[in-house]
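Where a number appears in this text, it was derived from the coordinates with a stated rule and is not lab data. Nothing here was measured: the structure is a model prediction, and the numbers come from that model. Every residue, glycine among them, receives a Cβ derived from its backbone with ideal geometry; neighbour counts consider all protein chains shown.
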Amino acid sequence: MKNSFRRPSPAMVVAIAALVLALTGSAVAAKRYLITNTKQISPAALKQIAKLAAIQGAQGVPGAPGATGAAGATGATGAAGAEGKEGAAGKEGLIGPPGQAGNMSWAVVEPHGAVERSSESNVTATETAPGITLVSFGNLADLTACAYEATIGLAGHTATAFPGFATVVRSAADQNAVLVQTFNQNGVAAELGFHLAVFC
């Protein structure tokens with residue numbers, strides 16, 4: 001029965017050639033040989049070839065890449081890093097439009113209802129009862145949305161007013177008038193001078 005011989009792979013031929021050159025010495029390496037039969041190879045080299053073939057057969061041909069595995073769980077959050085340096089100051093913003101100035105009117109009234117001075121020439125004061133004075137601002141069409149403030153005080157600078165206080169309310173009969181009531185320190189109505197301001 002004849003022994004079957006498998007044709008060696010290109011890699012195997014290279015390995016055999018390297019092995020033959022190594023076993024036959026440097027003198028043989030300088031010549032070229034054509035190997036056509038296993039009888040041309042020494043028994044020691046054939047053993048080495050058999051070992052290499054066995055190793056190559058055990059390793060086998062690499063298979064196709066496997067499918068990608070599922071993503072792993074999210075790892076724990078790392079520690080916070082060091083605080084960075086403060087950034088450079090930004091450019092100065094544009095200047096906004098000027099706000100709308102509010103309107104203010106005022107009047108200084110004597111104890112018996114005479115207007116000593118005022119912000120407008122057409123401001124009038126009328127004493128309707130002792131300690132009750134109606135101050136009308138003719139330049140204002142409606143004081144409904146305005147604020148009123150009054151305090152006891154004299155018109156001049158040579159004396160001080162008697163202690164007391166004043167209350168203010170918009171007139172129900174005249175929408176551009178304020179009703180001012182003055183009282184002494186005991187809360188009794190009294191004819192006292194006052195300073196009135198209206199803010200709209």
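Relative contact order for segment 104-199: 36 percent, from Cα pairs under 8 Å spaced at least 6 residues apart, divided by residue count.
Each of Ala44 and Lys91 was given a label point 7 Å from its Cα along the Cα-to-Cβ line. The distance between the two points is 8.7 nm. Charge tally for Val108 (other residues, Cβ to Cβ under 14 Å; Lys, Arg +1; Asp, Glu -1): -3. Once the Cα-Cα distance is subtracted from the 0.36 nm per residue extended length, the Phe165 to Ala82 segment shows a gain of 23.5 nm.
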